[in-house]
Amino acid sequence: MIEEIQRLLQQYTAWLKDKTSLRQLGDWVEITTPYLDRHNDYLQIYARRQNGGFVLTDDGYILDDLASAGCLLESSKRKKLLEATLNGFGVRQNGAALEVHATADNFPRRKHDLVQAMLAVNDMFYLAVPVVASLFLEDVAAWLDLHDVRYTQKVKFTGKTGFDHLFDFVIPKSRTRPERVLQAVNRPNKDAAMKLVFEWEDTRDVRPVRSRAYAVLNDSERPVPADFSDALRNYDITPVPWSAREQVVPELAE
């Protein structure tokens, strides 16, 4: 068994060596590794001499790639998660770049640390907008369930223009309350406000006359802009910041 594992380790080492390529770029050497990012592209790092040793960097690739996918690591929670991930590999952040310093003796290990940190941070892509939005939707559903609010999830209405609009939750009318439509808004911004206003304005005339609309707004990481809430109110949409959600429970649970 030991001999077999030893042979496999030798094959792994040979694979790393064979699949690693180098290219001179001025003072830097570009190292293309056999490890793949989320795009199935080979990860590349850059090395040059510095202070008797070497500096190795990803040149900002990983964090810039996450930002382009909508994953901005700006909140305190995400910054702490990033810091903890990098500290686990002894990697530091220099602006947008992930960076390590190495000597001739520990160069292979420090190169490995940087690549592994890049892969770990790359996995933070799952904090990007679509997934976080999905998690927020689940939080809203759990909150409604907690307060025994009756609802139907993901209901499609056809508006007066003939366009279909999908609403996250619809609470049916009761003896004391009209039909209520709820939309979970993970990132309250101008585009989200315009979209929701159009959907409600296009839909409300084909719904029961007393139907009401609510927008549950994620303010967990940043405050909801005042003009966003004002825009919703101007079109009879009640803004509900997540931090103040308990205030509307009586209106929804009846």
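Only the coordinates and a few stated rules stand behind these numbers; no lab work does. Remember, it's a predicted structure, so these values are computed and weren't measured experimentally. Glycine gets a Cβ as well: all are built from the backbone with ideal geometry, and neighbour counts include every protein chain shown.
The relative contact order of the chain, computed from alpha carbon pairs under 8 Å that lie at least 6 residues apart in sequence, is 12 percent. Axis of helix 129-146 versus longest Cα principal axis of the chain: the two differ by about 50°, to the nearest ten degrees.
If both residues of a DSSP beta bridge must be in the chain, then about 75% of such bridges are antiparallel. Counting only aspartates and glutamates at least 8 places from LYS190 when in the same chain, those with an alpha carbon closer than 16 Å to its own are GLU199, ASP219, ASP227, ASP230.
If you run the Gaussian network model on the chain, springs between alpha carbon atoms under 10 Å, then out of THR203, THR85, THR161 the most flexible one is THR161.
For the residue pairs LYS79/LYS111; LYS17/LYS77; LYS77/LYS173; LYS79/LYS154, alpha carbon separations beyond 28 Å are given by LYS17/LYS77; LYS77/LYS173; LYS79/LYS154. Full extension of the chain between ALA226 and LYS19 gives 69.1 nm of extra length, using 0.36 nm per residue less the Cα-Cα distance. Coupling constants for segment 157-165 follow from the phi torsions by the Karplus curve (6.51 cos²θ - 1.76 cosθ + 1.60, θ = phi - 60°), and in residue order they are 10, 9, x, 5, 7, x, 7, 8, 10 Hz; glycine and proline get x. Phi-derived couplings, Karplus 6.51 cos²θ - 1.76 cosθ + 1.60 at θ = phi - 60°, listed residue by residue for segment 179-194: 4, 10, 10, 10, 10, 8, 10, 6, 10, x, 9, 4, 4, 5, 5, 4 Hz, with x used for Gly and Pro.
The value given for the chain is a Kirkwood hydrodynamic radius of 22.1 Å, derived from the mean inverse Cα-Cα separation. In this simple spin-label approximation, ASP59 and ARG233 carry label points 7 Å from Cα along the Cα→Cβ vector, and these lie 5.1 nm apart.
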